[in-house]
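Asks: I'd like to ask some things about the structure below.
Just so it is clear, none of the values below were taken in a lab; they were calculated from the coordinates. Since the structure is predicted, the reported quantities are computational estimates derived from the model, not experimental observations. No Cβ is skipped: glycine too gets one built from the backbone with ideal geometry, and neighbour counts run over all protein chains shown.
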Amino acid sequence: MQSTLTPAETKQVFIVPRWAGAPHDDWYPWLSEQLQRVAAEDGFDYNIQTLAMPAWDLPVIERAVEYLQQVLPADQLHSNVYLVGHSVGCLAILHYLATVAKANPEAQQIGGVLCVAGWFSVDSPWQDILNWMGAPIDYEAARRLIPQDKMIVLLSDDDPYTSGYQENERLWVERLHSQVSILPGRQHFSARLDFDVRDAVRDLAGAMTAPVFG
């Protein structure tokens, strides 16, 4: 039987991996499979792309933003686009959104953003990560492309890279008006499966059967 879904009912999900992460790592393949499984329940289709970020063993902000603009140009943004970042992937998304918003005042808002194990600083930084920590982000510009209440952040109370999770939470709320959930014992969210990540994406997408996330 052919699907009766229209393009407007397809949720486009773009996953930006962690530092040195590739499309086959962590929960990325599992999430894609899981979203496909629940698509019928949720009332729409999911088109998931886990991005092979350029030179991601040593990520560079400018290269990341340029690549994201190639994958998702400003004129292709709309309310059925969802961005999922993991660790440094969260900052890549924010830099990208701020850049697009400033250069394209007419750009449409996306459907939402999920940041998993996102950070603004780490406990023991090395030089390449200091470049990310020190780079300014126009948070107000980035927020213009994110609907209210559509910025979800998942943090752990034992992340080995960011022990000050309460301060991290405060910054996500202050800078981006995020809805932050602190989950116990998840470290850096690098497991092969993660139902909280799946359900957060479904919640952002407005799934009919997804639990209320908060």
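Asks: Just how large is the dipole of the chain about the Cα centre, in debye to the nearest 20, putting +1 at every Lys and Arg Cβ and -1 at every Asp and Glu Cβ?
Replies: Values: 14 positive and 27 negative charges, 53 e Å.
I would put it at about 260 debye.
Asks: If the viscosity is 0.692 mPa s and the temperature 37 °C, what translational diffusion coefficient in µm²/s does Stokes-Einstein give for segment 67-156 when Rh comes from Kirkwood over Cα pairs?
Replies: Working: Rh = 13.5 Å.
The estimated diffusion coefficient comes to 243 µm²/s.
Asks: Report the equivalent ellipsoid semi-axes for the chain in whole Å, largest first, defined as the square roots of five times the eigenvalues of the gyration tensor built from alpha carbon atoms.
Replies: Numbers: eigenvalues 127, 82, 54 Å².
For the chain, the ellipsoid semi-axes come out as 25, 20, 17 Å.
Asks: So what's the gap between the Cα centers of segment 6-41 and segment 101-117, to the nearest angstrom?
Replies: 18
Asks: Still on this structure, please answer the following. Using +1 at the Cβ of each Lys and Arg and -1 at the Cβ of each Asp and Glu in segment 19-126, identify which of H95, A55, V81 lies farthest towards the dipole's positive end.
Replies: The one lying farthest along the dipole's positive direction is H95.
Asks: Write down Rg/Rh for segment 104-166, rounded to two decimals, with Rg from the C-alpha atoms and Rh from the Kirkwood relation over Cα pairs. Can you show the working numbers first?
Replies: Numbers: Rg = 14.2 Å, Rh = 13.7 Å.
For segment 104-166, the value is 1.04.
Asks: Are there trypsin sites (Lys or Arg not before Pro) in segment 114-214 that DSSP puts in a loop and that have at most 11 other Cβ atoms within 10 Å, and which ones? Write down the numbers at each step before the final one.
Replies: Working: sites: R143, R144, K150, R170, R175, R186, R192, R198, R202; in loops: K150, R186, R192.
Within segment 114-214, the qualifying trypsin sites (Lys or Arg not before Pro) (loop, at most 11 other Cβ atoms within 10 Å) are R192.
Asks: Still on this structure: Highest mean first, what order results for 129-140, 108-119 on Cβ atoms within 10 Å?
Replies: Values: 129-140: 13.9, 108-119: 23.5.
Highest mean packing first, the order is 108-119, 129-140.
Asks: In addition: Show me 60-73, 151-164 ranked by packing, highest mean number of other Cβ atoms within 10 Å first. Intermediate values should be presented prior to the final figure.
Replies: Details: 60-73: 16.1, 151-164: 18.2.
Descending packing order for the listed peptides: 151-164, 60-73.
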